[in-house]
Every structure is written in C-alpha cells, then in structure tokens.
Amino acid sequence: MTRLKRSVLPGFGLTFGLTLAYLSIVVLIPLSTVFLKSAGMGPADFARVAFSERAVAAYRLSFGAALAAAAVNAVFGMLVAWVLVRYRFVGRRFVSAIVDLPFALPTAVAGIALTALWATDGWIGQYLAPLGIKVAYTSLGVTIALVFVGLPFVVRSVEPVLEDVGRDLEEAAASLGAGRFTIFRRVILPAIGPALLTGFALAFARGVGEYGSVIFIAGNLPYKTEIAPLLIVTQLEQYDYAGATAIATVMLLLAFAMLLAVNLLQVWRRRRMER
C-alpha cells in the first residue's frame with residue numbers, strides 16, 4: 001500500500017478545510033442564492049426579464065465600457081508603472097500615492113468629482129462643449145469613470161514584476177543592436193505580460209460591477225446610459241427580486257466567462273514561453 005508523502009509544511013488539512021469553509025461562506029453560498037432565486041422563475045420568465053431590450057442595452061454598456069476602460073488602463077497603467085519603477089524624481093512617492101487614491105476614495109465622491117469636471121458647464125467639459133464633444137451623461141463618461149477606478153489594478157499588478165526585470169537585460173539587448181521597440185517587444189513585454197493580463201482582468205471585473213462612480217456621470221437613461229448594476233437596483237426598488245436576480249445571474253455568467261478566457265490566455269502564454 002502506497003503511503004501519502006507528508007508535506008514539509010504541516011497543517012495542510014486544517015488550513016485547507018478552513019480555506020474552503022471561509023470561501024463557501026463569503027463567496028460560494030451568496031452566489032448560489034442568486035442562481036437558486038432566478039431558477040424559480042422558469043425559462044420563459046427568465047428569458048423575458050434577463051434578455052429584454054432594456055437589459056441587453058445595459059449589458060452592452062456595462063461590459064463594453066468596462067472592456068474599453070480596461071484596455072486604456074492596460075496601456076497607460078503600464079506606462080505609469082514604468083515611470084514609477086525605472087525613474088527616480090522629486091515627488092515620486094506623491095505620484096505613487098495618487099495611483100492608490102481610487103482605492104481609498106468613496107466611489108460616490110469620485111462620481112461627483114468627475115461629473116463636475118466633464119459636465120457641459122464643468123471645468124473641462126465647458127471647453128469641449130463648443131467642439132461638439134459631450135462627455136458627461138454619455139457612454140464616454142461611463143468609460144472615463146471606469147478608467148479612474150480601474151487604473152490602480154493595472155499599475156499595482158505590473159509594478160512588482162517590472163521591478164524584478166533587471167536593467168541588465170535591456171542593456172544587453174541594446175548592446176546587441178536592438179532598438180527600443182524591439183527591446184520592449186522581445187524582452188520587457190514577455191516578462192510583464194502575465195501581470196499585465198491580470199491587471200487587465202481585475203480592472204475589467206471592477207468596471208463591470210462599478211456603481212457609485214458611474215451613476216452620477218452616466219445620466220441613467222434607459223436604453224442609452226443605464227448600466228446593468230443600476231438596472232438591478234431599479235428592479236429591487238420595485239420589489240421585483242426575481243427580475244433583479246435574473247439580471248444578476250446573466251452578469252455573473254458573462255463576467256465569469258470573460259475572466260475564464262483571460263485566465264486561459266495566461267496559461268497558454270505561460271506554456272508558450274516555457275517551450
């Protein structure tokens with residue numbers, strides 16, 4: 001009879017059991033109630049509520065704006081992380097603290113501040129209005145709000161990995177005649193790629209479920225600037241709990257599918273780099 005090899009670190013059984021219990025109480029059980037509540041509606045009623053024209057428009061805005069904001073943050077968040085890691089300048093700690101501000105700032109305060117900036121009579125919006133560019137109360141305003149709340153996820157995911165990428169690799173590539181773009185594409189990007197994808201996924205997930213910073217700048221017009229979380233709240237205010245859980249179920253499944261795709265892409269990229 002083959003005996004199980006004992007782990008060098010004791011206590012795996014106890015800690016693993018506590019981990020599963022904690023995750024079940026905090027994550028699995030609450031999420032399962034969403035499925036159970038929506039399952040009692042029946043397929044016809046579920047499809048009528050979850051895939052109504054208004055709900056589909058809200059899904060399109062929530063997921064589309066979150067995807068666009070995450071893509072913007074992937075580019076500029078990587079740039080911010082590069083500046084914080086590679087350069088030493090006066091005020092560097094202050095800039096690093098600003099990156100974490102969306103974590104600490106209440107989302108409602110962020111929404112009010114962004115609306116004051118980008119409204120047609122706001123500090124920035126008043127100069128864009130004569131050009132025919134309207135930001136507040138449009139899908140563009142929603143995207144800007146999601147860029148604000150999602151930036152720290154990309155920066156803090158890429159920053160520690162970028163610190164581990166020594167400058168000697170870049171200098172060696174440069175000594176061999178590689179240009180800056182080639183060094184970035186062949187040396188830096190493969191090293192930070194998994195972390196960048198992780199930050200992108202985190203920013204996307206945050207954007208899909210964001211509520212407080214969006215409702216003030218969105219305008220909340222059905223079929224146009226109404227996000228899915230607001231539609232869920234509207235259903236709850238009308239005491240339509242089954243309808244709210246149906247919309248929440250669709251959002252949960254779509255978000256899980258997107259995150260699963262990102263994780264599979266990370267696994268594929270890691271295996272490709274190991275070959």
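Taking θ as phi - 60° and the Karplus parameters 6.51, -1.76 and 1.60, the scalar couplings of the range 212-220 work out to x, 7, 9, 5, 7, 9, 7, x, 6 Hz in sequence order, x denoting glycine and proline. For the chain, what percent of Cα pairs sit more than 26 Å apart? Value for the chain: 57 percent of Cα pairs lie more than 26 Å apart. Annotation: per residue accessible area for the range 154-275 equals 55 Å², rounded to a whole number [probe 1.4 Å, protein chains only]. Less than 15 Å from a label point 7 Å out along the Cα-to-Cβ axis of R86: which backbone N atoms in the range 171-215 qualify, by residue? Under 15 Å, as judged by backbone N against the label point of R86, lie 171-175, 178-193 of the range 171-215. Averaging the sequence gap over all C-alpha pairs within less than 8 Å and six or more residues apart, then dividing by the number of residues, gives the range 18-160 a relative contact order of 31 percent. The slack in the chain from L23 to Y127, taken as 0.36 nm per residue of separation less the alpha-carbon distance, amounts to 32.5 nm. Restricting the range 93-183 to trypsin sites (Lys or Arg not before Pro) that sit in a DSSP loop and have at most 16 other Cβ atoms within 10 Å of their own Cβ leaves K134. The range 59-111 and the range 130-194 have their alpha-carbon centroids 11 Å apart. Using bins of 10 Å that start at zero, the share of Cα-Cα pairs per bin across the range 159-215 amounts to 21, 36, 21, 15, 7, 0, in whole %. Of the peptides 110-117, 17-24, 211-218, 37-44, the ranking by mean beta-carbon count within 10 Å, highest at the top, reads 211-218, 110-117, 37-44, 17-24. Approximating the spin labels as points 7 Å out from Cα along Cα→Cβ, the A39-to-F16 distance works out to 2.7 nm.
With 0.36 nm allotted per residue and the present C-alpha distance subtracted, the V75-S32 stretch has 11.9 nm of extension available. Selection among G179, L131, F216 by position relative to the dipole of the range 125-275 gives G179 as farthest towards the positive end (Cβ unit charges, Cα centre). For the range 46-87, the residues whose backbone nitrogen is under 19 Å from a point 7 Å from the Cα of F181, taken along Cα to Cβ, are 75-76, 79.
So what is the relative contact order for the chain, in percent, with contacts set as C-alpha pairs under 8 Å and at least six apart? Don't skip to the end; give the middle numbers.
Working: 299 pairs, mean separation 81.3, N = 275.
Relative contact order for the chain comes out at 30 percent.
The values are calculated or read from the model by the stated rules, or taken from the named source; none is laboratory data. The shown structure was predicted, so the numbers you read here are calculated from the model rather than taken from an experiment. Don't worry about glycine lacking a Cβ; one is built from the backbone with ideal geometry, like all the others, and counts go over all protein chains shown. Accessible surface areas use protein heavy atoms only, side chains included; no ligands, DNA or RNA. Shrake-Rupley method; radii C 1.70, N 1.55, O 1.52, S 1.80 Å.
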